[in-house]
Amino acid sequence: MDHAELTRTIDATCRLTGEFALRSGQHATEYFDKYRFEADPVLLRAVAEHMVPLLPDETDLLGGLELGGIPIVTMLSSLTGIPAVFIRKEAKTYGTCRLAEGAEVAGRRVTLVEDVLTTGGAVRDATTALRDLGATVDVVLCAIDRSGQPSGPVGDIGLQTRPVLTKADLDTVRAIVASRSE
């Protein structure tokens with residue numbers, strides 16, 4: 001699936017309109033329901049395939065953020081052979097009591113994988129926690145960057161955002177489709 005087709009399909013499948021509260025506390029009249037593409041094996045694979053060329057060469061581990069980043073990171077790991085770690089919002093108080101499940105992160109370069117970025121709150125938290133554990137975290141890949149910021153929402157913490165799609169991409173395709181139907 002080429003980039004244009006992926007953009008059209010994701011927009012048609014995932015863009016909802018209404019009143020929505022976001023994790024950041026902001027309110028929006030549009031919402032990109034990432035679970036609609038993450039639950040579809042064809043779309044999930046297409047998103048992950050578009051992430052492959054965005055990966056930094058020096059990536060040791062792919063870090064999927066709970067919950068939306070987990071399906072994407074699993075598919076991306078399968079496509080690339082790079083091991084995945086699953087990043088919890090906070091370490092559990094039982095079992096292994098780990099924040100990052102699946103592999104040791106200390107001394108390793110972790111590329112984060114997230115579904116939708118708006119303010120980057122969850123990515124900030126994960127980056128700080130992983131760096132505290134001794135990981136190097138410089139890049140986050142995301143399916144959709146809806147922040148509207150040219151360099152993404154987490155540049156201030158030294159994190160480069162590499163999106164498959166931006167809100168501008170989705171808005172452009174939406175406008176093209178709307179103009180064709182008039």
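Looking at segment 1-22, I want the residues that are under 23 Å from GLY120 (Cβ atoms) and have a partner that is open to solvent by less than 50 Å² (accessible area, probe 1.4 Å) and of a type in the set (Ser, Thr, Tyr) with Cβ atoms under 8 Å, at least 6 apart or on another chain. Which pairs are those?
LEU22/THR118
Any residue that is in contact (Cβ under 8 Å) with a residue 40 or more places away in the chain and within 17 Å of the chain's Cα centre (by Cα) - is there at least one of those in segment 81-93?
Yes, because at least one residue in segment 81-93 is in contact (Cβ under 8 Å) with a residue 40 or more places away in the chain and within 17 Å of the chain's Cα centre (by Cα).
If the requirement is being open to solvent by 60 Å² or more (accessible area, probe 1.4 Å) and either at pLDDT 95 or above or touching a strand residue (DSSP E or B) at 6+ places or on another chain (Cβ under 9 Å) (or both), which of these qualifies: ALA21, ALA48, ALA84, ALA28?
Going through ALA21, ALA48, ALA84, ALA28 in turn, the sole match is ALA21.
Taking segment 21-50, which residues are under 15 Å from GLY68 (Cβ atoms), in contact with an Asp or Glu (Cβ under 8 Å, 6 or more places away or on another chain) and outside any helix (DSSP H, G or I)?
LYS34
Condition first: open to solvent by 70 Å² or more (accessible area, probe 1.4 Å) and closer than 20 Å to VAL173 by Cα. Now tell me which residues in segment 31-41 satisfy that.
Selection gives ARG36 alone.
Enumerate the pairs (first residue in segment 101-125 and at positive phi; second residue anywhere and open to solvent by 10 Å² or more (accessible area, probe 1.4 Å) and aliphatic (A, V, I, L, M)) with beta-carbon separation below 7 Å, excluding pairs fewer than 6 apart on the same chain, so at least 6 apart or on different chains.
GLY102/ALA84
For segment 51-63, indicate whether the set of residues that are over 15 Å from the mean Cα position of the chain (by Cα), outside any loop (DSSP other than H, G, I, E, B) and loosely packed, with under 15 Cβ neighbours inside 10 Å is non-empty.
No, segment 51-63 contains no residue that is over 15 Å from the mean Cα position of the chain (by Cα), outside any loop (DSSP other than H, G, I, E, B) and loosely packed, with under 15 Cβ neighbours inside 10 Å.
The values are calculated or read from the model by the stated rules, or taken from the named source; none is laboratory data. All figures in this text were calculated on a predicted structure; none of them were measured in a lab. Positions of Cβ are backbone-derived with ideal geometry, glycine not excepted, and every protein chain shown enters the neighbour counts. Accessible surface areas use protein heavy atoms only, side chains included; no ligands, DNA or RNA. Shrake-Rupley method; radii C 1.70, N 1.55, O 1.52, S 1.80 Å.
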